[in-house]
Amino acid sequence: MKITGETKIVGVIGYPIAHSLSPILHNAAFKEVELNFAYLPFLVRPRDLGKAIKAMRALNIVGMNITVPFKEKVMSYLDELSPEAKIIGAVNTVYNKKGKLIGYNTDAEGFIKSLTTEGEFNPQGKNVLLMGAGGAAYAISFALVNAGVKKLTITNRTARKTKALLAHLEKTFKDKCELSFLDFSRRNSSKIMSKVDLFINATSVGMSPEDPLLINPDLFAKTTFVYDVVYNRETKLLRAARKRGLSGMGGAGMLIHQGALSFEIWTHQRAPIRTMRRALEEICCAI
Ligand code: ATR
């Protein structure tokens, strides 16, 4: 990569940030399409978030991805929000449009794109069980209701957060789909699991090799599709699901597609998805 006086700067803000794979994805993409852009990681302490966002204007930084723990907090420093970001209540992409900072959420669409393209799973009319009620679960549940699922059941270790997410969905979508609460202690109920078409792990459990298996894939129907948002390894959940003969996928596809959508917002050019996928496969994780 050749940095010149004309190089446009984009990057990612997070705390911590060293684990981020986005610099690899984006710099490979810029090289492939010969765009004079460079993507950098920025370690920003929580108390400096406002200053860091303001610096986008001062330093003429074109775009920024926003990751944990700033996806919600960043919204108060932006000039405008896309409709999705507003509804989901989280921003993972900021675009500096001639000094106006616009917030987007590409996680939701990135999830659906990976599910329907690499996963070849159409969620319309389906019965879905979602585990988790953090940032990832907000984007994924929004995407699923929007995509026309028939029923969405949510379970999470902290029941209060499940209820808050369900209330948010009810308010946003009214009667667009049947929404249901499942107590975390009842998540391995065969009566519920046997009717599930799509199961999603939207918790961070599985990121470490010693993490427990929270759900028993043997209780799903043979046709259940298992999606695990964890992307840094093949999780115990995916391994157990595959052993049972179920179809499934990890979160690398979501990472690639959300990144590709950010790339397109910043550059107004089609992202080279295959190059991004290859770059990720080279360092860690296949879809
Ligand atoms: P993200 O933005 O990646 O979704 P997050 O907002 O911190 O990150 O959410 C993490 C999710 O993983 C939450 O649903 C969390 O459950 P709680 O709401 O109960 O905290 C879930 N999670 C993390 N560790 C967990 C564990 N050991 N068992 C069950 N759920 C866990």
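What is the gain in length, in nm to one decimal, between residue 204 and residue 36 on full extension, counting 0.36 nm per residue of separation less the C-alpha to C-alpha distance?
Values: separation 168, 0.36 × 168 = 60.48 nm, distance 3.47 nm.
Value of the extension gain: 57.0 nm.
Take peptides 149-157, 127-135 and line them up by average Cβ neighbours within 10 Å, highest first, as a rough protection proxy. Don't skip to the end; give the middle numbers.
Values: 149-157: 20.8, 127-135: 23.0.
In descending order of packing, they fall as 127-135, 149-157.
Restricting to bridges with both residues inside the chain, how much of the DSSP beta-bridge set is antiparallel, in percent to the nearest 5? Spell out each step's value before the answer.
Values: 8 of 41 bridges.
If I count the DSSP bridges inside the chain, around 20 percent turn out antiparallel.
Where does each of 183, 197 land when they are ranked from fewest to most other beta-carbon atoms within 10 angstrom? Can you show the working numbers first?
Details: 183 11, 197 20.
Placing the least packed residue first, the sequence is 183, 197.
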Query raised in the report: Sorting 257, 19, 168 on the 10 Å Cβ count, fewest up front, what's the list?
Result: 19, 168, 257
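Just want to confirm a number: the relative contact order over the stretch 122-246, from Cα pairs under 8 angstrom separated by 6+ residues, in percent.
Working: 223 pairs, mean separation 31.3, N = 125.
Computed value for the stretch 122-246: 25 percent relative contact order.
Length gain on complete extension for the stretch residue 124 to residue 195, per 0.36 nm per residue less the alpha carbon to alpha carbon distance? Write out the running numbers ahead of the final one.
Details: separation 71, 0.36 × 71 = 25.56 nm, distance 1.54 nm.
In short, 24.0 nm is gained.
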Query raised in the report: So what's the angle, to the nearest 10 degrees on a 0 to 90 scale, between helix 252-267 and the longest Cα principal axis of the chain?
Result: 30 degrees
Requested in this report: Please list, in chain and number order, the residues 5+ apart from residue 225 or on another chain whose amide H is under 5 Å from its amide H, with Hs placed from the backbone.
Outcome: 198, 199
**Report entry** Theoretical FRET efficiency, 1/(1+(r/R0)^6), r = Cβ-Cβ of residue 160 and residue 234, R0 30 Å, to 0.05
**Finding:** 0.40
Query raised in the report: With the calculation restricted to Cα positions, what are the radius of gyration and Dmax of the stretch 128-286 in angstrom?
Result: 16.2, 48
Report summary line: Taking placed amide H atoms and a strict 5 Å upper bound, the residues 5 or more places from residue 97 or on another chain that come that close are 102
Query raised in the report: Non-local amide H neighbours of residue 11 (under 5 Å, H modeled in plane, Pro and chain starts lacking H): which ones?
Result: 40, 63, 64, 65
Requested in this report: Could you please report the charge total around residue 253, scoring K, R as +1 and D, E as -1 over all other residues with beta-carbon less than 14 angstrom from its beta-carbon?
Outcome: -3
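Based on DSSP H runs of at least 4 residues, each adding -39500 (n - 2.57), what is the mean residue ellipticity at 222 nm of the chain after dividing by all its residues, to the nearest 500 deg cm²/dmol?
Dividing the helical sum by the residues of the chain leaves -10500 deg cm²/dmol.
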Query raised in the report: Which cysteines does the chain leave without a neighbouring Cys Cβ under 4.7 Å?
Result: 177
Query raised in the report: Using θ = phi - 60° and the Karplus form 6.51 cos²θ - 1.76 cosθ + 1.60, what ³J(HN,Hα) does each residue of the stretch 192-205 get, whole Hz, x for Gly and Pro?
Result: 6, 5, 5, 9, 7, 8, 9, 10, 10, 8, 10, 9, 8, 6
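What order do you get for 141, 114 when you list them from fewest to most C-beta neighbours inside 10 Å? Before the final figure, lay out the partial values.
Working: 141 30, 114 24.
Going from least to most buried by this count: 114, 141.
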Query - Point-to-point label distance, residue 48-residue 176, nm (Cα→Cβ direction, 7 Å offset) - result: 3.8 nm
Query raised in the report: Over the stretch 92-206, what is the percentage of antiparallel beta bridges among all DSSP beta bridges, to the nearest 5?
Result: 30 percent
Report task. Consider just the alpha-carbon atoms of the stretch 43-92 and return their Rg together with their Dmax, both in angstrom. Result -> 10.7, 30
**Report entry** Karplus 3J(HN,Hα) series, Hz, for the stretch 72-87 with 6.51 cos²θ - 1.76 cosθ + 1.60 (x for Gly, Pro)
**Finding:** 8, 4, 5, 4, 6, 9, 9, 8, 8, 10, 5, x, 5, 4, 5, 5
Query raised in the report: HN-Hα J couplings of the stretch 121-131 from phi, Karplus 6.51/-1.76/1.60, θ = phi - 60°, integer Hz, Gly and Pro as x?
Result: 10, 9, x, 4, x, 9, 9, 10, 10, 10, 10
Report summary line: Rounded to 0.05, the calculated FRET efficiency for the beta carbons of residue 221 and residue 73 at R₀ = 41 Å is 0.50
Query - Relative pair counts by distance (%), Cα atoms of the stretch 1-149, 5 Å bins - result: 2, 9, 17, 19, 19, 15, 10, 6, 2, 0, 0
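Shape verdict for the chain, please, from the Cα gyration tensor: rounded (a/c under 1.5), prolate (a/b greater than b/c) or oblate. Don't jump to the answer; show the numbers that get you there.
On the way: a/c = 2.02, a/b = 1.56, b/c = 1.30.
Prolate shape, in that a/c is at least 1.5 and a/b is the bigger ratio.
Every read-out reported here was derived from the displayed coordinates using simple, explicitly stated rules and does not represent laboratory data. Owing to the predicted nature of the structure, the values given are computational and were not obtained by experimental measurement. Quick reminder, even Gly has a Cβ in these numbers, built from the backbone with ideal geometry, and neighbours come from all protein chains shown.
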